[in-house]
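The values are calculated or read from the model by the stated rules, or taken from the named source; none is laboratory data. Just so you know, these numbers come straight off a predicted model, no measurement behind them. Here the Cβ positions follow ideal geometry from the backbone for every residue, glycine too, while neighbour counts run over all protein chains shown. Accessible surface areas use protein heavy atoms only, side chains included; no ligands, DNA or RNA. Shrake-Rupley method; radii C 1.70, N 1.55, O 1.52, S 1.80 Å.
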Amino acid sequence: QRSPPSVIVNVMPSILLKRDYISGSYYHIKHTAKKGTILFQSDADYKNFILLLSYYVRFPDATPLSWVKRLNPKTVVDKRNSSKLGASPVTLHNFLLLPDHFHLVLRENMGGDKPGISNLMRRLSVGYAMYFNKTHDTLGTIYQGKYKNISVPQNELSNLIDSLHHHEGVNNTFLATP
């Protein structure tokens with residue numbers, strides 16, 4: 001008897017799912033809600049997400065925000081000084097929150113085998129999902145698969161940021177009358 005021939009299929013990962021971040025490079029990140037889910041249902045949802053984003057950009061390896069009882073100036077300085085990842089593994093350049101997805105424009109400051117963007121996105125995605133599920137009495141994932149990312153050349157940053165500011169559904173009153 002003959003064995004059926006072996007078939008080897010090499011599947012290339014989508015360029016949007018690659019996670020090989022390079023220090024000094026810029027990335028456009030997009031994370032979408034699963035079908036039928038609205039990520040930001042209230043002002044409190046937007047505020048909580050911004051709080052999480054701000055906290056994990058400032059304190060990349062700190063205690064999860066949900067465990068922190070109170071942040072005071074001394075706690076903030078102690079957390080910043082005790083970071084093993086350095087002061088800023090990621091720089092946030094721009095963000096856009098829409099009801100069913102969000103965009104981030106980030107600069108990777110570390111690279112290597114433990115890039116700052118991967119750490120930030122893991123902590124931010126899990127932290128917001130935990131908040132969302134508890135607040136809205138739901139279970140399971142709130143996202144449609146993994147977040148997507150693409151490298152952005154520095155000379156194209158201003159065009160990307162401008163397009164995010166003029167994204168459909170964005171209230172741009174502040175752009176017209178500062």
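Charge tally for residue 39 (other residues, Cβ to Cβ under 14 Å; Lys, Arg +1; Asp, Glu -1): +1. Computed extension length for residue 30-residue 74: 12.4 nm, one decimal, from 0.36 nm per residue of separation with the Cα-Cα distance subtracted. Around residue 140, what is the net charge, scoring Lys/Arg as +1 and Asp/Glu as -1 over all other residues with Cβ under 14 Å from its Cβ? For residues surrounding residue 140, the net value is +2. Given a 1.4 Å probe and the protein chains as shown, residue 57 ends up with an accessible area of around 30 Å². Summary of packing: across the peptides 130-141, 91-102, the per-residue average of other C-beta atoms within 10 Å ranks them, highest first, as 91-102, 130-141.
Residues whose amide H falls under 5 Å from that of residue 33, counting only those 5 or more places apart or on a different chain, are 101, 144, with hydrogens built in the peptide plane. Once the chain from residue 88 to residue 139 is taken as fully extended at 0.36 nm per residue, the excess over their C-alpha distance is 15.1 nm.
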